[in-house]
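Asks: Input: one structure, supplied below.
Every read-out reported here was derived from the displayed coordinates using simple, explicitly stated rules and does not represent laboratory data. Note that the coordinates shown come from a computational prediction; the quantities given were computed from them, not determined experimentally. Positions of Cβ are generated from backbone atoms using ideal geometry, with glycine treated the same way; all protein chains shown enter the neighbour counts.
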């Protein structure tokens with residue numbers, strides 16, 4: 001059930017980030033959608049998905065270093081965890097932890113969208129006050 005909800009929320013959250021987000025959110029959403037799309041196109045053996053996850057991890061870490069936004073730090077950490085799970089793929093818990101990392105990335109995107117919307121509202125209120133005064 002959680003997996004179905006997650007797959008339903010994934011394009012909604014990424015679409016929301018692409019529609020309402022700033023450049024950093026759009027990049028992160030595009031990376032997440034591309035990674036998920038490639039994961040669905042290629043068969044599930046980890047040998048194929050491992051380079052995809054490494055590329056997403058490196059891109060997320062580069063985005064975190066470039067943007068200096070708070071939500072990018074846990075997103076990068078979750079991708080490091082996801083890549084580290086390949087070392088423990090023989091453990092039964094790994095399948096569940098992979099989805100937790102993916103859902104965590106979605107939560108980071110949602111936090112970034114809310115932060116961006118709050119900044120946009122503050123900027124609009126400041127502009128309204130300046131136009132009323134000046």
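Asks: Please arrange 35, 67, 131 by how many other C-beta atoms lie within 10 Å of their C-beta, fewest to most.
Replies: The order, fewest Cβ neighbours first, is 131, 67, 35.
Asks: Related question: Listing 106, 65 from the residue with the fewest other Cβ atoms within 10 Å to the one with the most, what is the order?
Replies: Going from least to most buried by this count: 65, 106.
Asks: Treat the count of other C-beta atoms within 10 Å as a stand-in for reagent exposure and order 66, 130 from fewest to most.
Replies: 130, 66
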